[in-house]
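J.: Take a look at this one; I'll ask things after.
The values are calculated or read from the model by the stated rules, or taken from the named source; none is laboratory data. If you're wondering where the values come from, they're calculated on a predicted model, not measured in any experiment. Cβ placement follows ideal geometry from the backbone for every residue including glycine, while neighbour counts extend to all protein chains displayed.
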Amino acid sequence: MTGKSPSPAVMTRLDYLLYGVVVLIWGSSWIALRMQLGTVAPEVSVLWRFAFALSFMLVWAIVKRERLSFPLAIHGRFAVLGALLFSSNFVLFYYGGLTTPSGLLAVIFSLASILNLMIGSALIRQWPSAKLALGGLIGAVGSGLMFAPQILGQEFGYSALIGLGFSILGTLCFCTGNVVAASLQRRNVSVLSSTVWGMAYGVMSLLLVIGIEGKRLTIEWTVPYWSALVFLAFFGSVVAFSCYLTLLGRIGAARAGYSTVLFPVIALGLSTLLEGYVWTLPAIAGLGLVVIGNFIVLRGPAKAA
């Protein structure tokens, strides 16, 4: 069945609030991700992150008396959601972060704004409007310009190319998981229910992979690692995912996915404060394009092409 993206004509104040929370939290999560790299295997770090996040979400679901019993067919979708959105997506980015700067990771992830449009069109045949496509393209180009000096200054050897490959695959997992999450909401499965089960299956899939690989369930007992773990588990997973999946159901994957284009803006701001990032003309021009693209995507009705 063909059709247009079911996003509403105009975003509400709640939509903008959810959008802002997602951008601020996920835009700053790249630094926290880098703080967890080194001693603990990426699969294990992601396991701890979602094990803690799942405990928060499960208590919340029980307190709210949320429905947690579903037929087997729905559990199949939960399992796919967990494998894509709550495990492999992050494991791939953690491995990418071993050889790729955090800012560049944010730029690669910003491709989700365009990939959401492409995957949505290919899998569920929801054709985006020309306005959404144009805004996403302008924003993605702007993100690339913001990190042009770092990208051009990198010596891309074999390990760096592998890191880029992991990051691109992680973005594809994220975008495909968006489609699964949206399909669950169309089946009247709440965001809380799908998140609880998605995280549960994500944790189970990570345990399976870790067991097959023979890796140990270690943890790093340092302040930086634990502060990053708490931030990523509660804010990056519980709060941000709840806001993002709610936004996904309210305004559609195309508009919700555009939030990823703004992540590099937050990453650059933090890099300026914490890492001494120096602004260049390409970076300033890129920031202007990101703002223009954001204005195009979020303002006014999303009419079909």
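J.: Just for the range 55-81: of the residues that are in contact with a Leu (Cβ under 9 Å, 6 or more places away or on another chain) and within 19 Å of residue 179 (Cα to Cα), which one is surrounded by the fewest Cβ atoms within 10 Å (Cβ to Cβ)?
T.: Per the stated criteria, the residue is 74.
J.: Mind telling me which of the residues 96, 82 ends up being touching a Gly at 6+ places or on another chain (Cβ under 6 Å), part of a helix (DSSP H, G or I) and farther than 20 Å from residue 245 by Cβ?
T.: 96
J.: Within the set of pairs 6 or more residues apart or between chains, which connect a residue that is touching a residue at least 40 places away in the same chain (Cβ under 8 Å) inside the range 80-102 to a residue that is crowded, with 23+ Cβ neighbours inside 10 Å and of a type in the set (Lys, Arg) with Cβ atoms less than 8 Å apart?
T.: Taking only residues 6 or more apart or on different chains, the pairs are 90/49.
J.: So, in the range 15-72, exactly how many residues are of a type in the set (Ser, Thr, Tyr) and part of a loop (DSSP other than H, G, I, E, B)?
T.: Residues that pass the stated criteria total 2.
J.: Which one of these is hydroxyl-bearing (Ser, Thr, Tyr) and in contact (Cβ under 8 Å) with a residue 24 or more places away in the chain: 45, 55, 69?
T.: Being hydroxyl-bearing (Ser, Thr, Tyr) and in contact (Cβ under 8 Å) with a residue 24 or more places away in the chain holds for just one of 45, 55, 69, which is 45.
J.: Another one. Taking the residues in the range 141-159 that are under 14 Å from residue 107 (Cβ atoms) and touching a Ser or Thr at 6+ places or on another chain (Cβ under 6 Å) as candidates, determine which candidate is modelled with the lowest pLDDT.
T.: 149
J.: Looking at 20, 96 in this structure, which one is crowded, with 21+ Cβ neighbours inside 10 Å, modelled with pLDDT under 90 and either at negative phi or not small (Gly, Ala, Ser) (or both)?
T.: Step by step, each of 20, 96 is checked, and only 96 is crowded, with 21+ Cβ neighbours inside 10 Å, modelled with pLDDT under 90 and either at negative phi or not small (Gly, Ala, Ser) (or both).
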